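One structure is given here, and the rest of the page talks about it.
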Amino acid sequence: MKADFLSGVIEGFYGPPWTTTERSMVLNWMQAFQLNTYLYAPKDDLKQRLLWRVPYTSQEASELKVLIDNCHAHGVRFVFAISPGLDMAYAQASELETLQGRLEQVHELGVRDFAILFDDIPDSMRAEDRRRFGTFALAQSHVANHLYRYLTGRASSRARFFFCPTPYCGRMRRAGLGGERYLEEIGETLDPGIDVFWTGPEIISSQISVSHIESLANTLRRPPLLWDNLHANDYDGQRFYCGPYSGRPLELRSEIQGILHNPNNEALLNFVPWKTLSDFIHAKATWNPRESYLNAMKDWHASFESAGSPIDLEDLVLLGDCFYLPEEEGSEAAQLFHNAEQWLKAPLDKKQGFYRPFQEPATRLRNICGEIVNLEDRHLFSALHRKTWDLREEMELLLTFAKQMKSDPASQLRSDYHLPGTYRGGMVSKLRGLIEQRSDGSFIPVT
Ligand code: GDL
């Protein structure tokens, strides 16, 4: 692993950018976990992306300066990203000048590290751009090289410049996003001093292997920099992820320039992801994600002081296991689910035997979800509330069902708290009912 290995956080999700208070807390954690880089790229800071041509007002600039100074005070490299790709006219010299001006304004605030991002943009070019550059890759690499030379001409040799390609994962590459030889052309033409982002085989990659990265590095002619979306939750409002950083072998570290982690929108829910990411980055010979998770949960537990009944660490682990990783529940949640299935599927005359193994953890889970409302840390309560509420609704229903079946196994389940319309109602829910997804990923209409 290189001495200047980049590690840290990308504020790069869709949704409201973090507040100053949240960013301060993030930086305290980053410092404690020895994470060294903060990439400023909130998709919904309008002037970062949609309105990329418009400079910050002096009020906005001074707010940004607070963050920049705070990063530096915490020993964290601040990287400013701009995303002009939604509507940039690559061939127009004035567009380059505008971009340069935007970065210049931030340079004056003390920033020396920059990124240009071309993710999630229309995969098409204006006729004028096509005539001038031929391909998307050549147009983007022209812009990135120009800015890189402009900025690094004046900066120290420590300054870094990052580039996010339009196809930024294996699946997009296979689909030919950005054009057939897009990544090859980036490898050939992008200045070798520029680091290139990559999210792995998928946008959200559960696994990233050394061989996957090796073949990409060949094409890019440089080791990539990981933009890791493992714990990002902007694509699903009901979930968050507090499972351990995992699915990457330790050897991967020597194949990449670093790992920048695009996390849960709710800043406060990233304690375990970042602590375990730090464990992974600093691990010597071995790495056990579950162990790292359980240790991190022990520390996070201190934030769960309740004004009601105390929250036990074991119960917090059970809750955390329900919001573990995108493709995986933690072992206790997986066990609870298995027990629930066994109990529900058992024939009426055998149900009794499966009742207790389900009912005991389900009751604990329902209770801890209820206890979240009493957290003394009201910010943590706000961050968790909607998600634990949904989980509690489902546990409550199953437990009501269990109780009714215990007294009358053949009874028809009814709950006064789960009524049509208010329970699982609404347009999104109805639309979800129209199409079913199979385990192989394909969809079929529900008939
Ligand atoms: C993406 C976006 C990112 C978003 C994430 C998860 C990259 C490079 N871009 O595709 O902003 O938060 O997915 O939804 O990952």
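The values are calculated or read from the model by the stated rules, or taken from the named source; none is laboratory data. Because the structure is a prediction, the values reported are computed rather than measured. No Cβ is skipped: glycine too gets one built from the backbone with ideal geometry, and neighbour counts run over all protein chains shown. The protein model used for the area step is the full one, side chains on, heavy atoms only, and it has no ligands, DNA or RNA in it. Shrake-Rupley method; radii C 1.70, N 1.55, O 1.52, S 1.80 Å.
Let's see how each residue does on (1) part of a loop (DSSP other than H, G, I, E, B); (2) within 29 Å of R112 (Cα to Cα); (3) in contact (Cβ under 8 Å) with a residue 40 or more places away in the chain; (4) not aromatic (F, W, Y):
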residue: F163; (1), (2), (3), (4): no, yes, yes, no
residue: T166; (1), (2), (3), (4): yes, yes, yes, yes
residue: R171; (1), (2), (3), (4): no, no, no, yes
residue: L177; (1), (2), (3), (4): yes, no, yes, yes
residue: L183; (1), (2), (3), (4): no, yes, yes, yes
residue: P192; (1), (2), (3), (4): yes, yes, no, yes
residue: V196; (1), (2), (3), (4): no, yes, no, yes
residue: I203; (1), (2), (3), (4): yes, yes, no, yes
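Which is at pLDDT 95 or above, open to solvent by 20 Å² or more (accessible area, probe 1.4 Å) and over 30 Å from M1 (Cα atoms), of A340, A302, A333?
A302
Can you tell me which residues in the range 189-199 are in contact with a helix residue (DSSP H, G or I) (Cβ under 7 Å, 6 or more places away or on another chain) and more than 10 Å from the ligand (Cβ to nearest atom)?
T189, L190, D191, G193, I194, V196 - these are the residues of the range 189-199 that are in contact with a helix residue (DSSP H, G or I) (Cβ under 7 Å, 6 or more places away or on another chain) and more than 10 Å from the ligand (Cβ to nearest atom).
Consider the range 2-38. How many of its residues are surrounded by 16 or more Cβ atoms within 10 Å (Cβ to Cβ), within 16 Å of the ligand (Cβ to nearest atom) and part of a loop (DSSP other than H, G, I, E, B)?
Of the residues in the range 2-38, 4 are surrounded by 16 or more Cβ atoms within 10 Å (Cβ to Cβ), within 16 Å of the ligand (Cβ to nearest atom) and part of a loop (DSSP other than H, G, I, E, B).
Quick one: count up the residues across the range 248-287 that are more than 15 Å from the chain's Cα centre (by Cα) and outside any helix (DSSP H, G or I).
Residues that pass the stated criteria total 10.
In the range 306-320, which residue that is farther than 15 Å from R366 by Cβ and of a type in the set (A, V, I, L, M, F, W, C) is least open to solvent (accessible area, probe 1.4 Å)?
Among residues in the range 306-320 that are farther than 15 Å from R366 by Cβ and of a type in the set (A, V, I, L, M, F, W, C), the one least open to solvent (accessible area, probe 1.4 Å) is V317.
Confirm whether I121 is within 16 Å of the ligand (Cβ to nearest atom), over 22 Å from A81 (Cα atoms) and out of contact with any Phe, Trp or Tyr (no Cβ under 8 Å at 6 or more places or on another chain).
No; evaluated as a whole, the condition is false for this residue.
Against the condition open to solvent by less than 10 Å² (accessible area, probe 1.4 Å), within 27 Å of the chain's Cα centre (by Cα) and either hydroxyl-bearing (S, T, Y) or within 14 Å of the ligand (Cβ to nearest atom) (or both), how does F162 come out, does it pass?
yes
Here is a list: D87, D129, D69. Which entry is surrounded by 15 or more Cβ atoms within 10 Å (Cβ to Cβ) and not aliphatic (A, V, I, L, M)?
Just one listed residue meets the conditions, D129.
Could you tell me which residue of the range 51-66 is nearest to the ligand (Cβ to nearest atom), considering only residues that are assigned to a loop (DSSP other than H, G, I, E, B) and loosely packed, with under 15 Cβ neighbours inside 10 Å?
Per the stated criteria, the residue is L51.
Being open to solvent by less than 40 Å² (accessible area, probe 1.4 Å), of a type in the set (A, V, I, L, M) and more than 15 Å from the ligand (Cβ to nearest atom) is true for just one of L183, L147. Which residue is that?
Just one listed residue meets the conditions, L147.
Looking at (1) at pLDDT below 95; (2) away from the ligand (no atom under 16 Å from the Cβ), which is the only condition A73 fails?
So the condition that A73 fails would be (1).
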